[in-house]
Amino acid sequence: MWSATFAWAGQVVGTVRQLSGPLIAKKADGKVKVLALRSEVEQGDTLVSEKNTYALIKFIDNSEITLRPDSSFKIESFAFDEGKPDGDTATFNLVKGGLRQVTGLLGKRSKEKFSLKTPTATIGIRGTTFIAHYVPPPPAPPGRVGAGPTVTDLMNSASATKPPAGLLPPAAGNPVGKSPAPPTPAGPSLMPGLHLTVADGAIIVTNNGGSMGFQAGQFGYVPNVNQPPVIVPSNPNIQFVPPPSFNAGSGGPTASNTPGQGDATDCIVR
């Protein structure tokens, strides 16, 4: 039973194409693998990007997911066969941090079979490029259970901090046609919850509070799993700025496909 589960989980579904720092994969059998450029990723992997690490994963259907620093992302299930669309499936889980997702062949022909889970909502696609960033809530004070931030909190915070309008540098494809933001981290300035923006196509975001669709150029916010997704009028300071070395396709070691080589960067830790 266990061997069958691990065989299913170990199917190769993509490769690391760009990398700016350390990236590890936690395997379904408990092992930990240090990844490099051209390392394979498998169904069941949980990918963890370290501080300052951006990592672009290209899947077998030509879709792409780029992780931002300090993120944890699980490939729960992924299957694609060009001749068997009935078998398509893509289920991911953004445990923390953020990513940029670009739809591939699976997302174009089987949109209903794609889902990205987050702690506050699940994202479905409609032929899409989008950015998602989840900020966990701060620990509640002793003896008090907080309800979490509201949309009004987000508006007030955005107004007070006057965040820059841009999201991406020109080299990465500015998703809403605005001025690029400076390369600073997004974490502290964002309210806790799920922040979204759509560069192309559309997404639908669903949780216990309801569903909301977002079109290209729109920003979204989901405070927690019980409050519905909402559209916000301007960028709340979502940042996604890979370093120049990342955009050039370099910045990390290269995995070796030859036995006996590349062990320092493509190793197994038990």
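The values are calculated or read from the model by the stated rules, or taken from the named source; none is laboratory data. The structure displayed is predicted, hence computed values, not measured ones. Glycine also receives a Cβ, built like all others from the backbone with ideal geometry; neighbour counts cover every protein chain displayed.
Descriptive notes on the structure:
- Within segment 13-30, the set of residues being without any contact (Cβ under 8 Å) to a residue 40 or more places away in the chain and either in contact with a Pro (Cβ under 7 Å, 6 or more places away or on another chain) or acidic (Asp, Glu) (or both) comprises just one member, 29.
- Restricting the first member to segment 115-141 and to residues that are surrounded by fewer than 17 Cβ atoms within 10 Å (Cβ to Cβ), and the second to residues that are at pLDDT below 90 and polar (S, T, N, Q), no beta-carbon pair is closer than 8 Å while six or more apart or on different chains.
- Residues of segment 65-76 that turn out to be surrounded by fewer than 18 Cβ atoms within 10 Å (Cβ to Cβ) and more than 16 Å from residue 45 (Cβ to Cβ), as a count: 1
- There is no residue in segment 172-183 that is modelled with pLDDT of 50 or more, surrounded by 17 or more Cβ atoms within 10 Å (Cβ to Cβ) and part of a loop (DSSP other than H, G, I, E, B).
- Just one of the listed residues (137, 141) is at pLDDT 85 or above and over 23 Å from residue 198 (Cβ atoms), namely 137.
- The residue that is modelled with the lowest pLDDT, among those in segment 189-243 that are out of contact with any Ser or Thr (no Cβ under 7 Å at 6 or more places or on another chain) and among the hydroxyl-bearing types (Ser, Thr, Tyr), is 234.
- Restricting attention to segment 21-56, the residues that are of a type outside the set (Gly, Ala, Ser), in contact with a helix residue (DSSP H, G or I) (Cβ under 9 Å, 6 or more places away or on another chain), within 20 Å of residue 100 (Cβ to Cβ) and not in a loop (DSSP other than H, G, I, E, B) total 1.
- Subset of segment 77-103 (residues that are among the small types (Gly, Ala, Ser) and over 13 Å from the mean Cα position of the chain (by Cα)): 77, 79, 83, 87, 90
- All of 107, 83, 98, 30 fail the test of being at positive phi and out of contact with any Asp or Glu (no Cβ under 6 Å at 6 or more places or on another chain), apart from 30.
- Residue check, residue 65 in contact with a helix residue (DSSP H, G or I) (Cβ under 9 Å, 6 or more places away or on another chain) and not hydroxyl-bearing (Ser, Thr, Tyr): no
- Qualifying residue in segment 83-93 (condition: at pLDDT 95 or above and closer than 16 Å to residue 243 by Cα): no
- Any pair with Cβ under 6 angstrom, 6 or more apart, that starts in segment 58-76 at a residue that is under 17 Å from residue 110 (Cα atoms) and ends at one that is surrounded by 22 or more Cβ atoms within 10 Å (Cβ to Cβ) and aromatic (Phe, Trp, Tyr): 60/80; 61/80
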